[in-house]
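The structure appears right after this line, and notes come after that.
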Amino acid sequence: MVRRTKKEITAPLLLTIATAILYISGASPSTFGMYEGMNWYARFTYQFLHISIWHLLINMWNLWGITTTYKIRIWHLVTAYLISASPFFYGDIPTVGLSGVCFSLMGIIWYQVLHTKLYHCWILGFIFIGFLFPGTAARLHLYCYCIGFIIGWLNKPVKYETGN
């Protein structure tokens, strides 16, 4: 088990609680969701809204699993959030949910995984499956994972070999 600071434990927990409260409150995806012609603040709020309880539970399970299994720092969460809120991506379907943040995190932490080739195959498989289901933001998932992967690659710790 990875040792974590209180901030690293508290941040995903607060994110999970805030997202669940928004779902229960009945906040409207048409007000906060990402779609063509959206309000400027919708780009920064769509991640916290979900269409159904199953959508919410899958995203929360994924986020909690990533943040408790791997060494996720606060800067990882902030970077993943900013990637998913990026102005460079405009989806062709209305979008809500934390899946963009989760795919960004999975891209950022790829170097922490033991079997990286298998890991990338699984992630790309999930993204491909998303393209088969209408209403899934598969392009957003692919975008977030690719940008997260690049950021993870650029921040990957360097191992130095010691010479004799």
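Computed with a 1.4 Å probe over protein heavy atoms only, the accessible area of Met38 comes to about 40 Å². Remark on Ile72: its backbone amide H falls under 5 Å from none of the residues 5 or more positions apart or on other chains, H modelled at 1.01 Å from N. Legend: calculated FRET efficiency, Val158 to Trp122, from the Cβ-Cβ distance at R0 = 41 Å, rounded to 0.05, equals 0.95. Projecting label points 7 angstrom from Cα along Cα→Cβ for Leu22 and His115 puts them 3.5 nm apart. Per residue, segment 35-163 exposes 60 Å² of solvent-accessible protein surface, assessed with a 1.4 angstrom probe and all protein chains in place.
One chain, two ends: Trp40 and Tyr70. Fully extended at 0.36 nm per residue, the span grows by 7.5 nm beyond their Cα-Cα distance. Net length available on complete extension from His55 to Leu132 is 26.0 nm, with 0.36 nm assigned per residue and the Cα-Cα distance removed.
The values are calculated or read from the model by the stated rules, or taken from the named source; none is laboratory data. As the structure is a computational prediction, the values presented were derived from the model and not from experiment. Virtual Cβ from ideal backbone geometry, glycine too; neighbours counted across all protein chains shown. We work out accessible area using only protein heavy atoms, side chains counted, and drop any ligands, DNA or RNA first. Shrake-Rupley method; radii C 1.70, N 1.55, O 1.52, S 1.80 Å.
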